[in-house]
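Comments concern the structure below.
Read-outs throughout are calculated quantities, based only on the coordinates presented, and are distinct from any laboratory measurement. These figures come from a predicted structure and were not determined experimentally. Methodologically, a virtual Cβ is constructed for each residue, glycine included, from the backbone with ideal geometry; neighbour enumeration extends over all protein chains shown.
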Amino acid sequence: MGLLEICSHNSYWRGLDYFENKRVKSLKQINRYEFEADVEGTKTYHVHLDIAHPRKSTCTCPHAADKSTICKHKVVVYFSVFPEKAQEAINVENRSFRTGCKEKFKAT
Ligand SMILES: [Zn+2]
């Protein structure tokens, strides 16, 4: 399972928001599957991302103290590694927003 499939909706959208605001600093690739980055949030948090084993990824924020939690920082680093996934998510967001408006219009 990919990281985006196991994260919560909240982490997903907050992570996407962080991506759009370019919160990821000093992204570094360690090997084929592992990345390190600093993410500017309330504080600067350090993320170690393991794409092959997303649950082994770590982050220094309080939410990720329980290691299996996929926090928004891990999500935003993932989006920085795969910007096309972020673009996809942004497109879906725009589309559902437009659909939502259309439905509202139809109802009135
Ligand atoms: Zn975090």
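Among the residues of the range 40-94, those that are among the basic types (Lys, Arg), in contact with a strand residue (DSSP E or B) (Cβ under 9 Å, 6 or more places away or on another chain) and touching a residue at least 40 places away in the same chain (Cβ under 8 Å) comprise Lys72, Lys74. For Phe19, work out the one condition from (1) surrounded by 12 or more Cβ atoms within 10 Å (Cβ to Cβ); (2) near the ligand (Cβ under 10 Å from one of its atoms); (3) of a type outside the set (D, E, K, R) it doesn't fulfil. Only one criterion in (1) surrounded by 12 or more Cβ atoms within 10 Å (Cβ to Cβ); (2) near the ligand (Cβ under 10 Å from one of its atoms); (3) of a type outside the set (D, E, K, R) is unmet by Phe19, namely (2). For the range 9-44, enumerate the residues that are under 14 Å from Cys59 (Cβ atoms) and within 12 Å of the chain's Cα centre (by Cα). Selection gives Ser11, Arg14, Gly15, Tyr18, Arg23, Val24, Val39.
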